[in-house]
Amino acid sequence: MKIEQVTVGHMAVFCYLVYDENTLEGILIDPAGNEDQLLDLLKEKRISLRYIVNTHGHPDHTCGNDRLRKATGALVVMHELDDDFFQKPEFSGWARMIGVDAAAPADVRVRDGDELRFGGLTMKFIHTPGHTPGACCILIDGNLFTGDTVFVGAVGRTDLPGASFEQLIDSLQTKIITLPPDTKVWPGHDYGDSPQSTVRREMETNPYITDFLDDED
């Protein structure tokens, strides 16, 4: 498995190209702008794009969906709760307000625990609500793509529509820290002191996890 971490869009989102180096079939996670750059990367690596995967439905993470879907024929994947939530009319205005296009509905709607294959790899969707109702982390061969659920040393905002701090803390407790400690964490933005981390490191240094654990003791 190969992972390419690319910063895209005017909100500096981490987009990930993940592909099977044997079959050259891959996915893009959160293509949030710079579509020409991403298409050039696919061409350079000779990747056949199977899926466009969204960790959540915020327009800064989904604004490249439609153009890339049209250019590659890949299917867009999102948790069903966010696919419903962000198709509400009020969110098209939100997208325009931050200067991006609202994404069309997903082609594939997933739930917690669902798996999809590309090449010889399997991605598992872990529903981690809190930042949005349908936020997901995506687990692929010991690599966890967390979107805005977990950053390096921080977590995503919970003051936006559909967000819940209580749900986010529960997601950390029940879905994140239960993973093997050496699981690599690939966040949705470069907000920490490193562009990646591990579950072990976040358990030791992320205040949203350490403070929760301290409260439990």
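Charge dipole of the chain (Cα centre as origin; +1 on each Lys and Arg Cβ, -1 on each Asp and Glu Cβ, all else neutral): 860 debye, rounded to the nearest 20. Note on the chain: dipole from Cβ charges, positive end direction compared against ILE29, VAL18, GLY119; the farthest Cα belongs to GLY119. Using a Cα-Cα cut-off of under 20 Å, which lysines could be cross-linked to LYS70, ignoring same-chain neighbours fewer than 8 residues away? Candidates past the 8-residue exclusion: LYS43, LYS45. Rounded to 0.05, the FRET efficiency of the ASP182 and THR23 pair, given R0 = 45 Å and the Cβ-Cβ distance, is 0.95. Put a dot 7 Å past the Cα of ASP36, heading toward its Cβ, do the same for SER194, and the two dots end up 3.6 nm apart.
Most tightly packed first, judged by the mean number of other beta-carbon atoms within 10 Å of their residues, the peptides 184-191, 111-118 read 184-191, 111-118.
Which whole-angstrom value gives the distance between the alpha carbon centres of segment 1-75 and segment 141-195? Their Cα centres are 20 Å away from one another.
Coordinate-derived values only; no laboratory data. Quick caveat, the model's predicted, so the values are computed rather than measured. In this analysis, Cβ positions are derived from the backbone assuming ideal geometry, glycine residues included, and neighbour counts consider all displayed protein chains.
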